[in-house]
Amino acid sequence: MSKSLKIIVAILCIGIVSAFSFWQYVNKPSKDFSNEKVDLLVTVSDILKRLDNDTSTVSQIMNKLMAVDGSIKKISKDAEYITIELGDSSTTSSIICQVDARHTHEFTNVKENDRIVIKGKVTACTFDEDFGLGNTIQMNFCSPYKK
Amino acid sequence: MRIILMAMISLLCTNMNAQKFITKTGNVNFSAGSPIEKIEGNNRSVAAMLDAKTGTVNFIIQIKSFVFEKQLMQEHFNENYMESEKFPKSSFKGDISNLSSINFSKDGEYPTDVAGKLMVHGVSKDVKVSGKIIIKNGKPTLKANFNIILADYGIEIPGAVKDKISKEAKVQVNCSLDSMQP
């Protein structure tokens with residue numbers, strides 16, 4: 001093999017590998033947090049109480065991977081997705097958990113009033129804005145918490 | 001006498017709250033893709049409130065709670081397009097124009113027109129949206145499909161990805177509401 005041919009083959013190989021790496025980077029699926037270690041483990045009542053009393057709680061939990069232990073207040077299911085609201089009937093404040101579509105099968109049997117421990121990425125903390133909705137913590141990419 | 005009075009006040013309060021419906025698990029999704037690339041975001045943590053007496057509807061959408069299939073899309077959506085740290089939420093506040101034609105106590109599907117202010121990316125605009133309210137077992141579900149032009153809300157698309165991203169986003173709203181507890 002001539003030297004120039006070797007160079008062309010090498011350039012082609014580098015090009016193919018680079019293109020494949022770039023394609024993988026662009027099409028990388030959203031992160032699955034199910035095997036990640038949580039930053040904090042809390043109960044629903046404790047974290048909502050903390051949010052009520054201390055607004056700095058927002059900065060302490062935002063973007064963190066949080067596991068929450070509590071009762072299911074409401075569950076919304078459709079063919080592909082499950083959204084779980086944790087809380088109790090004594091307050092409108094609650095935690096909304098959007099279940100990761102890759103883990104919906106692990107929640108198919110749960111029902112309202114069941115006690116679960118669920119983990120997810122905290123994406124928002126909102127305070128009651130005149131609607132009577134109470135304070136709310138939102139979590140995405142939720143999956144069952146396993147010790 | 002005092003007991004009767006308290007019972008009447010309690011009944012009145014219950015009745016007043018029964019005219020309000022809320023959810024924190026409403027669904028809003030959008031698509032802004034092209035034939036080259038599918039771009040879809042889905043948010044199932046939407047807060048919505050409907051006052052059946054006044055016809056007022058409110059939606060609050062936390063931008064970071066949109067979920068995408070691809071990690072890079074999620075990052076670009078939050079950091080480059082919606083700037084979710086700077087503008088963490090979108091909202092809509094409006095009034096049902098044809099409130100008298102909706103019977104909230106009778107199951108059925110009611111075409112609905114809503115006019116109000118839509119705030120996206122820190123820009124607020126007057127919009128009119130046609131949709132429907134489906135009443136089932138006394139609970140309303142709000143459904144609507146509409147388009148928004150991204151440039152109207154100051155959302156810029158870089159030249160490098162102009163062929164991949166549509167100038168208009170198709171928005172789908174689907175929120176099942178519950179009676180507000182007294």
The one condition in (1) polar (S, T, N, Q); (2) open to solvent by less than 20 Å² (accessible area, probe 1.4 Å); (3) closer than 23 Å to B:Met73 by Cα that A:Ser18 fails to fulfil = (2)
Number of the condition not met by A:Lys74 [criteria: (1) under 24 Å from A:Glu36 (Cβ atoms); (2) touching a strand residue (DSSP E or B) at 6+ places or on another chain (Cβ under 9 Å)] = (1)
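Looking only at residues that are assigned to a loop (DSSP other than H, G, I, E, B) and aliphatic (A, V, I, L, M) in segment B:137-159, which one is surrounded by the fewest Cβ atoms within 10 Å (Cβ to Cβ)?
Of all residues in segment B:137-159, those assigned to a loop (DSSP other than H, G, I, E, B) come to B:137-138, B:154-158.
Imposing the further condition that a residue be aliphatic (A, V, I, L, M) reduces the set to B:155, B:157.
On the way: B:Ile155: 20, B:Ile157: 17.
For segment B:137-159, the residue satisfying everything is B:Ile157.
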Please determine, by comparing only the residues of segment A:116-130 that are crowded, with 22+ Cβ neighbours inside 10 Å and within 21 Å of A:Thr104 (Cβ to Cβ), which one is nearest to the other protein chains (Cβ to nearest Cβ).
-> A:Thr123
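Conditions tested, residue by residue: (1) crowded, with 16+ Cβ neighbours inside 10 Å; (2) free of Cβ contacts under 8 Å to residues at least 40 places away in the same chain.
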{"residue": "A:Gln24", "(1), (2)": "no, yes"}
{"residue": "A:Val42", "(1), (2)": "yes, yes"}
{"residue": "A:Asp52", "(1), (2)": "no, no"}
{"residue": "A:Ser56", "(1), (2)": "no, yes"}
{"residue": "A:Ile75", "(1), (2)": "yes, yes"}
{"residue": "A:Tyr81", "(1), (2)": "yes, yes"}
{"residue": "A:Ile95", "(1), (2)": "yes, no"}
{"residue": "A:His105", "(1), (2)": "no, yes"}
{"residue": "A:Asp114", "(1), (2)": "no, no"}
So which residues in segment B:21-49 are among the hydroxyl-bearing types (Ser, Thr, Tyr) and within 10 Å of another protein chain (Cβ to nearest Cβ)?
-> B:Thr23, B:Thr25, B:Ser45
Filtering segment A:21-45 down to residues that are at pLDDT below 90 and in a helix (DSSP H, G or I) yields A:Ser21, A:Phe22, A:Trp23, A:Gln24, A:Tyr25, A:Val26
Any idea how many residues of segment A:83-93 are facing chain B (nearest Cβ under 8 Å) and either at pLDDT below 95 or open to solvent by 50 Å² or more (accessible area, probe 1.4 Å) (or both)?
-> 2
Among B:Phe77, B:Phe87, the single one that is touching a strand residue (DSSP E or B) at 6+ places or on another chain (Cβ under 7 Å) and either within 14 Å of chain A (Cβ to nearest Cβ) or more than 30 Å from B:Gly159 (Cα to Cα) (or both) is B:Phe77
Determine which single condition B:Ile134 fails, assuming it passes every other condition in (1) more than 13 Å from the chain's Cα centre (by Cα); (2) under 24 Å from A:Gly132 (Cα atoms); (3) open to solvent by less than 20 Å² (accessible area, probe 1.4 Å); (4) of a type in the set (Val, Ile, Thr).
-> (3)
Looking only at segment B:50-65, count how many residues are more than 7 Å from chain A (Cβ to nearest Cβ) and in a helix (DSSP H, G or I).
-> 1
Looking only at segment A:73-84, decide whether some residue is within 12 Å of the chain's Cα centre (by Cα), among the hydroxyl-bearing types (Ser, Thr, Tyr) and assigned by TED's automatic domain parsing to the domain that holds A:Val38.
-> yes
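Taking segment A:46-60 on its own, how many of its residues are over 17 Å from A:Gln138 (Cβ atoms) and assigned to a loop (DSSP other than H, G, I, E, B)?
Residues of segment A:46-60 that are over 17 Å from A:Gln138 (Cβ atoms), as a first pass: A:46, A:49, A:53-54, A:56.
Keeping just the survivors that are assigned to a loop (DSSP other than H, G, I, E, B) gives A:54, A:56.
Counting residues in segment A:46-60 that are over 17 Å from A:Gln138 (Cβ atoms) and assigned to a loop (DSSP other than H, G, I, E, B) gives 2.
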Tell me, please, whether a residue that is within 20 Å of A:Asp78 (Cβ to Cβ), within 8 Å of chain B (Cβ to nearest Cβ) and out of contact with any Phe, Trp or Tyr (no Cβ under 9 Å at 6 or more places or on another chain) can be found in segment A:131-138.
-> yes
Please go through segment B:66-125 and pick out each residue that is open to solvent by 50 Å² or more (accessible area, probe 1.4 Å), in a loop (DSSP other than H, G, I, E, B) and of a type in the set (Ser, Thr, Tyr).
-> B:Ser97, B:Ser105
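The values are calculated or read from the model by the stated rules, or taken from the named source; none is laboratory data. Note that this is a predicted model, so its numbers are computed, not measured. Quick reminder, even Gly has a Cβ in these numbers, built from the backbone with ideal geometry, and neighbours come from all protein chains shown. These area figures cover heavy atoms from the full protein model, side chains too; ligands, DNA and RNA do not enter into them. Shrake-Rupley method; radii C 1.70, N 1.55, O 1.52, S 1.80 Å.
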